[in-house]
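Beneath this line is the structure, given in structure tokens, with notes to follow.
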Amino acid sequence: MGRATETRQILLLGLTLAALLASPVLAAKYKPSRPTALTAEVINDARWSVDATSRKISPLVLKAEVLLKRAGFSPGVIDAQKGENFQKAVRAYQEANALEATGELNEPTWNKLSTASNENIVHHYTIAAADVEQPFVFAFSTRAEISLRTIPRR
């Protein structure tokens with residue numbers, strides 16, 4: 001095979017790939033989904049959907065984390081992500097509420113959890129002057145100070 005033939009084949013392959021990627025069907029299929037902004041309104045209005053729980057950062061998961069916390073089942077860090085602690089909290093909530101204990105946020109769990117509280121999850125708050133005028137005392141201890149206090153004296 002000559003150099004000119006190889007060049008034509010590579011060019012043809014490149015043009016074919018460009019045409020396929022430019023196809024509206026393929027473009028829609030491989031278009032990355034835009035992340036949802038975590039605004040107060042988006043979080044408070046979050047409703048059940050399977051798609052909402054599949055996102056890495058999910059307003060629905062954040063709302064579920066707060067509702068779990070309010071119900072006494074700590075999901076760990078409130079970060080809008082389905083981590084290990086979140087799954088443990090969901091499982092414990094499911095067990096306590098006679099739901100199938102899968103550890104996954106599913107529609108029956110969401111329905112039970114979301115009816116437990118009518119309060120908004122996120123509130124707007126304006127910091128007032130009195131909020132920052134308080135006498136704040138910060139007490140820090142280092143590990144060394146803590147360990148020195150625990151060593152018995154002779």
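Only the coordinates and a few stated rules stand behind these numbers; no lab work does. From a predicted model like this one, the values you see are computed outputs, not experimental measurements. Neighbour counts are summed over all protein chains in view; Cβ atoms, including those assigned to glycine, are modelled from backbone coordinates with ideal geometry.
Each residue, Ala130 and Lys88, gets one label point 7 Å from its Cα in the Cβ direction; the gap between the two is 4.0 nm. Which ordering of Val77, Val66, Val132 is given by a fewest-first count of other beta-carbon atoms within 10 Å? Ordered by Cβ neighbours within 10 Å, fewest first: Val132, Val77, Val66.
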